[in-house]
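Peer 1: Below is a structure I'd like to ask you about.
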Amino acid sequence: MNPLAIERANERLRQAAEGRTEPAVVEAALERARHQVESLAETAAQLEATLPDRVGEAVQTGLRQEVLPVARHIAEVRGLSANTVRRLERLEGDLLAERHARVDDLALIVAAAEVLRSAPN
């Protein structure tokens, strides 16, 4: 055989052997991956158990922080509108009394004019 061909074949075998991974290295990588998957599964289970409660608490806290001030504002607006209604009713009563007083004044003027007209000149 040609020594050059044998040398090329040996070189190819050496390169192929360098490209291979050791079974122990592959096994160690697989073992690490298994541990990491188990750890991920445990973390997922913990989140699954605690997440609904934590979300519920967060929603309750948010509602307390956002809704209570709005409720106070609504109560304040309700009180102010009730106060406005009372004032408007009082103004309406005052205006009605003023109108009746003006009608009475007009009736008095008309009566006085009648007396003056019927009096002899």
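Peer 1: Return the residues of region 42-55 that are among the aliphatic types (A, V, I, L, M) and exposed (fewer than 10 other Cβ atoms within 10 Å of the Cβ); say none if nothing qualifies.
Peer 2: Scanning region 42-55 gives a single hit, Ala49.
Peer 1: Now for a different question. Pick from Ala112, Ala58: which is of a type outside the set (S, T, N, Q), over 52 Å from the mean Cα position of the chain (by Cα) and surrounded by 10 or more Cβ atoms within 10 Å (Cβ to Cβ)? Step through it out loud before you land on a result.
Peer 2: Working: Ala58 fails: over 52 Å from the mean Cα position of the chain (by Cα).
The unique qualifying residue is Ala112.
Peer 1: Considering each residue of region 53-68, count those that are modelled with pLDDT under 90 and of a type outside the set (Asp, Glu), and give that number.
Peer 2: 6
Peer 1: Okay, next question. Going by the conditions given, is Ala9 over 25 Å from the mean Cα position of the chain (by Cα), modelled with pLDDT of 90 or more and either aliphatic (A, V, I, L, M) or surrounded by 10 or more Cβ atoms within 10 Å (Cβ to Cβ) (or both)?
Peer 2: When the stated conditions are applied, Ala9 does not pass them.
The values are calculated or read from the model by the stated rules, or taken from the named source; none is laboratory data. No experiment lies behind these values; they were computed from the predicted model shown. Virtual Cβ from ideal backbone geometry, glycine too; neighbours counted across all protein chains shown.
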